[in-house]
Each structure stands twice: as structure tokens, then as C-alpha cells.
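S.K.: What follows is a single structure, and I will ask about it in a moment.
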Amino acid sequence: MSKITTELLLERAVPRSTRLRKIETLNLSKLQLKTGDLDPRLFSRLRHLQKLDLSDNLLDKFPNSLTLPDLRVLNCNNNKLEDVTALKQFPLLEELTYENNVYLTLNDDYKVMFLLQNLRLLNGKDITKLANHVRRVNSRKLTSKVTAHWEKFFRDQLPEKYTAEQVKSIKKKFLKSVQTNVVYGPSSLSEFTRWRVKMIAEEFLAYSLGLELNTDPEPEEKMDENEEESTESPREAAEDVAQEDVSAEPLHFLQCHSKGNSREDFKTQLWSCVFEPLLDCGARKDPIVSSSRTVATCGGESVCLIDCETGTVLKKYKVATEEFFSVAWTTLTMVISDSRKKSHNILVAAGRRGIVKLIHVAADFCYGEIKAHKKPIATVCFSPTRETHLFTASYDKRIALWDIGIPDCDYNFKASQLLVLEALAIPLRIALVPTCPDQYLLAGCEGGCFAWNIKLDKEQKSRPFEAIFQFPDEDGGMTTSHRVDGLAFLNDDVVVSKSSKPGCIYLWSWSRSFDAKGKGCQRTVSAVILAELEWSMTDLSYLTLSTCPVKEYVFCGDEKGSVWMYNLSNYTTAWSSAKGKRSEKRIPPTQILKWPELRANGEQLTEVLINNVVSDPTFTYLVVLTSVNITAIWKKS
């Protein structure tokens with residue numbers, strides 16, 4: 001047996017390497033390796049490993065903590081693997097082969113398709129379509145059946161006021177019953193179905209009854225009748241998950257927006273950042289691969305393009321009389337010199353002057369501007385379905401929809417205003433409803449949360465809001481009048497919004513809230529609250545939030561330089577299926593990233609506000625924008 005050592009790893013690297021951190025491809029095949037030979041402490045130093053060959057060994061399973069954050073390709077052919085669930089620790093895995101492992105079956109294929117959201121090739125076959133079916137259609141059908149089973153056979157068994165013992169008893173009965181009775185698909189997949197049913201049932205109970213989830217990564221076994229319930233608190237459980245899943249390390253701290261390039265500038269506020277879409281991967285269709293590692297940031301007089309991995313400022317655009325508040329990307333198919341068409345990324349930036357700047361990044365050229373408003377523009381966003389449609393939200397209490405046109409080879413373009421939405425207060429954040437982005441727009445404003453019908457087949461070019469949403473206030477009543485300075489969709493239906501009410505971020509259902517409006521003339525609608533997130537008790541405004549829908553994360557910074565991260569993947573299934581009770585307990589953060597001790601001119605930087613924090617779609621990088629002219633970049637490890 002060959003024991004794995006640092007020397008062996010360096011020798012088996014392709015090409016050979018002098019440092020573990022530099023290895024990207026590693027061949028450990030035909031070494032008679034057993035599971036115990038895979039030392040997590042040693043493997044954790046392979047930070048940039050992308051391809052790993054473990055074929056022709058004696059592995060029966062994977063350790064649960066190999067910590068290979070960048071692994072994309074894994075070959076486990078000709079081993080003795082009995083279980084695949086530990087592979088979920090490699091979330092970026094795209095290609096996986098495990099042929100000639102006699103204990104693995106079709107059920108295991110389905111498990112890895114569900115667990116590995118980025119997986120494209122399994123044993124040499126393209127499984128993209130089937131995997132989407134497994135993750136979406138299969139999950140939806142099973143969730144519906146699990147919920148129906150509870151409603152029909154178990155809901156009435158639980159008294160209105162129940163003890164912990166009663167909950168424990170009904171949980172055990174429900175899990176056993178639901179795995180026995182919920183059937184879907186061919187019998188050859190019954191093991192996979194039981195595995196998913198148990199997972200869905202536990203998520204459902206966690207949401208409906210406030211029970212904790214079993215996050216045990218070990219393979220599915222027959223239920224132990226003497227199984228004991230976990231006694232750790234939700235906060236402790238969240239912290240355990242954080243240590244296992246969310247580890248992030250700071251990569252760079254950049255001071256690239258300084259006024260006049262001054263090193264003494266620690267006052268310029270940074271406001272907005274967005275990752276550049278990739279041009280060659282159907283970015284609008286597949287969010288999992290829709291961004292590069294290049295991010296655009298804005299604040300003060302400048303807009304910067306930054307490579308997150310290296311920390312290099314690739315480009316910088318300055319307008320001496322401007323203060324930029326917002327940036328957004330779109331991809332336009334432009335006609336180039338000899339009548340050929342080519343896709344190019346266009347960056348727009350706007351701010352205090354009410355002017356939209358149009359920048360062709362590849363050509364390093366600001367080719368035009370739109371005088372959109374007479375007052376500052378707070379935020380901008382593009383339609384996900386119409387690449388030339390740009391929304392601008394201004395301090396003039398209006399949101400305008402523009403067609404920015406497509407520039408010709410001489411950069412001539414024609415912009416036109418298509419729509420004006422009248423707000424009662426200054427719009428601070430805007431979001432298009434994912435299921436109908438051409439019909440409804442939401443805005444968080446200084447005086448509440450509003451929705452407009454933006455369908456362009458209507459003649460009315462200037463429109464009042466269609467609905468204003470009520471939220472719980474601090475006195476236990478409902479109010480429409482509060483500042484909404486954070487707004488984003490977590491998925492197709494769940495809205496995340498933050499008001500200046502201390503310590504509170506709301507999660508609520510767009511469809512259930514808006515459907516309650518009915519066909520009448522009612523314009524005031526109560527938001528159907530799904531849960532609250534526990535957040536800082538500060539009363540400071542404009543510390544905004546963001547979401548990573550693919551990974552089901554919410555991010556929000558605070559007044560002490562910390563980033564609060566919430567992994568909500570254990571809750572979303574129940575929210576989509578159960579019209580049941582709202583979770584009474586606030587959900588704590590999965591992890592809080594603390595601001596490190598940074599010194600400027602020998603003095604420690606204090607009073608750092610996190611104005612914005614944004615991840616790329618795959619949650620590889622986290623870009624943190626501050627009130628002290630520092631862009632911090634973290635990398636998930």
C-alpha cells in the first residue's frame with residue numbers, strides 16, 4: 001500500500017509541482033489506496049485542484065471533509081465504492097465517472113444528479129436534461145405527495161398545544177409512513193425515492209413544526225426505532241453547517257475608487273457591484289455558468305472592473321463631476337465592420353447627475369449617454385428577457401423604462417423612453433418578478449414597497465402603482481409606511497426585503513401576496529410573510545442585501561463591517577409547497593464574516609459600514625463594498 005505524502009502528491013501532479021497549492025491536476029490511480037489513506041488535512045492544502053484521478057484503487061467511500069473547493073473533474077472508476085452522498089462536498093463538480101464499482105446502482109446516479117447542481121457529464125454521458133428533471137420535476141412531484149400525506153393522515157393527530165415528546169413521536173411515525181407509502185417513478189428507483197422522500201419530509205417538518213433537520217451525511221439506512229433526537233439549538237446547528245460548508249477566506253482589499261487617486265481617501269462610499277456575464281455560455285438561460293470572475297464596482301467619481309482572483313483593476317472609468325450609485329450589464333449583438341454580427345458586453349453606470357453612461361467594455365470606450373432624469377438615479381437594472389430594455393429609478397420619484405438601442409459600427413445609437421412609473425416616494429431598489437419579468441416590477445422605496453404593471457401592450461405610458469404591500473410593524477400592527485432599502489428575489493417566488501426596522505429581514509411570497517389582491521380595486525395588500533431573518537439591530541439605512549438564487553443564499557452587511565450569510569436551502573422546499581404556518585422563530589445567520597483588522601497610516605480602520613455585498617452566481621467570490629473606500633473580495637474555500 002502506498003501511503004499518501006506531500007512528496008507523493010507533488011510527484012503525481014500533472015505537470016509535477018513544487019507546491020501543493022499550485023496543483024490543478026492530480027493522478028492517484030493504481031496505488032492500492034483505501035479510504036483511510038485520503039488524509040483530509042493533507043488534501044485541504046490542494047486549494048486549486050480541479051482534476052483528480054482516483055481510478056483503480058480500493059476505496060469504499062469518501063471522507064466527508066476533503067476540502068477541495070475547486071474540484072471540477074473526478075474519476076473513481078474501478079473501486080469498491082458503496083455510497084455517493086459524500087460527493088456533495090464538491091459542489092463545482094462538472095464531470096464524474098465511477099464505472100465498475102459493483103455496489104453502485106442507478107439509484108446512486110440519481111442521487112449525484114440531485115446533489116451536484118453543476119454536474120454535466122456522468123460516466124461519459126451528458127445528463128443535463130435528466131438532471132434538471134430530477135432536481136425540479138421529480139422534487140416537485142415528491143414534495144406534493146409528501147405534503148398531501150401529512151395533510152391526510154397526520155395533521156389532525158397533533159394537538160393544538162403539543163409537547164416535545166408528542167412531536168418526537170409523530171415525527172418518527174410520519175417519516176416511517178411517508179417512506180413506505182409515497183411512491184413515484186419505476187421500482188428500479190425506489191431506493192432513490194425513499195432517500196428523497198425522507199429528505200423532503202424532514203425539511204417539511206422543520207418548517208411546519210420548527211423541528212431541526214437531520215444533516216447527517218452518512219448513507220441512508222433503515223430507520224432505528226431507538227433513534228434519539230438532536231438537542232442542539234437552531235443557532236448551534238447553523239454554526240455547525242457554517243463550519244462545514246461556508247468557509248470563506250479574504251483574498252484582496254482594494255482602494256481603487258479614490259478621488260484623484262489619493263491614498264488618503266477613506267471617505268468615498270462604494271455602492272453597487274455586478275459580475276460580468278460570460279459571452280459564450282448562454283448566460284441568459286443558465287445562471288449556474290452566467291458570470292465570469294470579473295466584477296464592475298462603482299462609487300465616487302469612478303467605475304472599476306476588477307479580476308476577483310488576482311485583485312487586478314482591469315479598467316477604470318472616471319467622470320470628475322459625477323458620483324456613481326449603480327451599474328448593470330447587458331449583452332448586445334452588434335454589427336461589426338464587414339456586416340458580421342458579434343456579441344459584446346455593455347456596462348451602464350448612473351448616479352448623482354441623472355445621466356446613464358453606456359460603456360463598450362471590450363473597446364474600452366464610453367460610446368454614449370442618456371439624460372434619463374433631472375435628479376439622481378438611485379439604481380438601474382436590465383430586463384432579463386429584452387437586452388436593450390433598461391429601468392432607471394430616480395430621486396424624482398419615477399422609474400423609467402428605456403430602450404437603449406444597439407449601436408452600429410460607428411457607435412450611432414437611438415435611445416427611447418417606453419414607460420414612466422409614478423412612485424409616491426424615492427425608489428431605492430428595484431426587482432423584476434422572475435416568473436413574469438415583462439409584466440411586473442417591484443420597488444423598495446423610502447415610503448414602502450410597491451408593484452407596477454409594466455406590460456407594454458397597454459397604451460398608458462405613465463402609470464401609477466398597482467399595489468402597495470403591508471408589513472408587520474414594531475407594535476404588532478401592519479403598516480405600509482416604512483423605508484425598504486433592501487429588495488431581491490431568492491427564487492421565482494420568495495422575495496427578501498429589508499426595512500429600517502431594526503434586526504429584521506423579511507422573506508415573503510410574491511404570488512400569495514399579489515394573488516390576494518384579487519380582481520377588485522384593492523391596492524393595499526398584506527405581504528404573506530414566510531419567515532424573518534435575524535440581523536443587526538442597527539437603525540442605519542441603505543445597508544442593502546443581495547441573493548444567490550442558485551445556491552439559495554442571502555447576504556447582508558452591517559454597521560460593524562461584518563457580512564451576514566444565510567443558507568436557506570433547508571427551508572425553500574417547504575415554502576414552495578406548504579401554505580402552512582409562518583415560522584415563528586427568526587432564522588439565524590449560517591455564518592457571519594467578521595471585518596479583519598486593517599490599518600491605514602498606522603491606525604486601525606473603524607466604523608466600517610457594509611453598503612453592499614454580492615456573490616457571483618456560483619458563490620465562488622463575494623465582493624464587499626464599504627463606506628471607507630475599500631472593496632473587499634472573499635473567496636469560498
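S.K.: Express in Å², to the nearest 10, the accessible area of residue 293 obtained by rolling a 1.4 Å probe over the protein heavy atoms while all chains stay in place.
M.R.: In the full protein context, residue 293 sits at about 100 Å².
S.K.: If segment 73-134 were replaced by its equivalent ellipsoid, with semi-axes equal to the square roots of 5 times the Cα gyration tensor eigenvalues, what would those be, largest first, whole Å?
M.R.: Values: eigenvalues 57, 27, 25 Å².
Equivalent-ellipsoid dimensions as semi-axes: 17, 12, 11 Å.
S.K.: Suppose only helical runs count, i.e. DSSP H with n ≥ 4. What mean residue ellipticity at 222 nm does that imply for the chain under -39500 (n - 2.57) per run, divided by all residues and rounded to the nearest 500 deg cm²/dmol?
M.R.: Values: 10 runs with 103 residues, N = 637.
The helix contribution divided over the chain gives -5000 deg cm²/dmol.
S.K.: Hey, another quick one. Tell me the carbon and sulfur percent of the accessible area for the chain, rounded to whole percent, probe radius 1.4 Å. Could you put the intermediate results ahead of the total?
M.R.: Details: 14050 of 29320 Å².
Looking at the chain in its full context, I get 48 percent from C and S.
S.K.: Quick check on the chain: of the DSSP beta bridges with both residues there, what percent are antiparallel, nearest 5%?
M.R.: About 90 percent, rounded to the nearest 5.
S.K.: Amide H neighbours of residue 368 under 5 Å, at least 5 residues apart or on other chains, H built in the peptide plane: list them.
M.R.: Distant-sequence amide H within range of residue 368: 358.
S.K.: Please say if segment 513-572 is rounded, prolate or oblate, where rounded means a/c under 1.5 for a ≥ b ≥ c the square roots of the C-alpha gyration tensor eigenvalues, and otherwise the choice is prolate for a/b larger than b/c and oblate otherwise? Please report the intermediate quantities before stating the final value.
M.R.: Values: a/c = 2.96, a/b = 1.67, b/c = 1.78.
In terms of gyration-tensor shape, oblate.
S.K.: Which entries in the list 88/498; 51/88; 375/455 go over 22 Å, if you measure between the two C-alpha atoms of each?
M.R.: From the list (88/498; 51/88; 375/455), the Cα-Cα distance tops 22 Å for 88/498; 375/455.
S.K.: Report the gain in length on full extension from residue 261 to residue 462: 0.36 nm times residue separation, minus Cα-Cα distance, nm rounded to one decimal. Intermediate values should be presented prior to the final figure.
M.R.: On the way: separation 201, 0.36 × 201 = 72.36 nm, distance 4.24 nm.
Length gained, residue 261 through residue 462: 68.1 nm.
S.K.: Considering only protein heavy atoms, with the full assembly of protein chains and a 1.4 angstrom probe, order 635, 560 by accessible area, largest first. Spell out each step's value before the answer.
M.R.: Working: 635 25, 560 150 Å².
From most exposed to least exposed: 560, 635.
S.K.: Stokes-Einstein D for segment 420-554 at 4 °C, 1.567 mPa s, Kirkwood Rh over Cα pairs, in µm²/s?
M.R.: Numbers: Rh = 15.1 Å.
Estimated diffusion coefficient is 86 µm²/s.
S.K.: How big is the accessible area of residue 637 in square angstrom, nearest 10, if you roll a 1.4 angstrom probe over the protein chains?
M.R.: Spelled out: residue 637, probe radius 1.4 Å, area about 30 Å².
S.K.: Might you work out the accessible area of residue 478 for me, using a 1.4 Å probe with all protein chains in place, and round it to the nearest 10 Å²?
M.R.: My reading of the accessible area for residue 478 is about 90 Å².
S.K.: Spelling out what I want: for every residue of segment 544-561, take phi, set θ = phi - 60°, compute 6.51 cos²θ - 1.76 cosθ + 1.60 (Karplus), and round to whole Hz; glycine and proline get x.
M.R.: My calculation for segment 544-561 gives 8, 10, 8, 10, 10, x, 4, 9, 6, 10, 10, 10, 7, x, 10, 7, 10, x Hz in order.
S.K.: For the pair residue 121 and residue 321, what calculated FRET efficiency results from E = 1/(1 + (r/R0)^6), where r is the Cβ-Cβ distance and R0 = 56 Å, to the nearest 0.05? Write out the running numbers ahead of the final one.
M.R.: Numbers: r = 52 Å, r/R0 = 0.94.
In this case the efficiency is close to 0.60.
S.K.: About its Cα centre, what dipole magnitude does the chain give when the only charges are +1 on Lys and Arg Cβ and -1 on Asp and Glu Cβ, stated in debye to the nearest 20?
M.R.: Working: 83 positive and 83 negative charges, 315 e Å.
Dipole size: approximately 1520 debye.
S.K.: Which ³J(HN,Hα) values, rounded to whole Hz and listed in residue order, are derived for segment 388-402 from phi using the Karplus coefficients 6.51, -1.76 and 1.60 in 6.51 cos²θ - 1.76 cosθ + 1.60 with θ = phi - 60°, glycine and proline given as x?
M.R.: Result, rounded to whole Hz: 9, 8, 10, 9, 10, 10, 10, 5, 7, 6, 9, 10, 10, 10, 10.
S.K.: Take residue 167, project a point 7 Å from its Cα along the Cβ direction, then tell me which residues of segment 187-207 have their backbone nitrogen under 16 Å from it.
M.R.: 202-207
S.K.: Here's something else I'd like to know. Rounded to whole Hz and in sequence order, give me ³J(HN,Hα) for segment 461-470 from the Karplus expression 6.51 cos²θ - 1.76 cosθ + 1.60, θ = phi - 60°, writing x for Gly and Pro.
M.R.: Listing the rounded values in order: 8, 10, 10, x, 5, 9, 8, 10, 9, 8 Hz.
The values are calculated or read from the model by the stated rules, or taken from the named source; none is laboratory data. Remember, predicted model here, so these are calculated numbers, not experimental data. Cβ atoms come from the backbone with ideal geometry, glycine included; neighbour counts cover every protein chain shown. Ligands, DNA and RNA are excluded from the accessible area calculation, which covers all protein heavy atoms including side chains. Shrake-Rupley method; radii C 1.70, N 1.55, O 1.52, S 1.80 Å.
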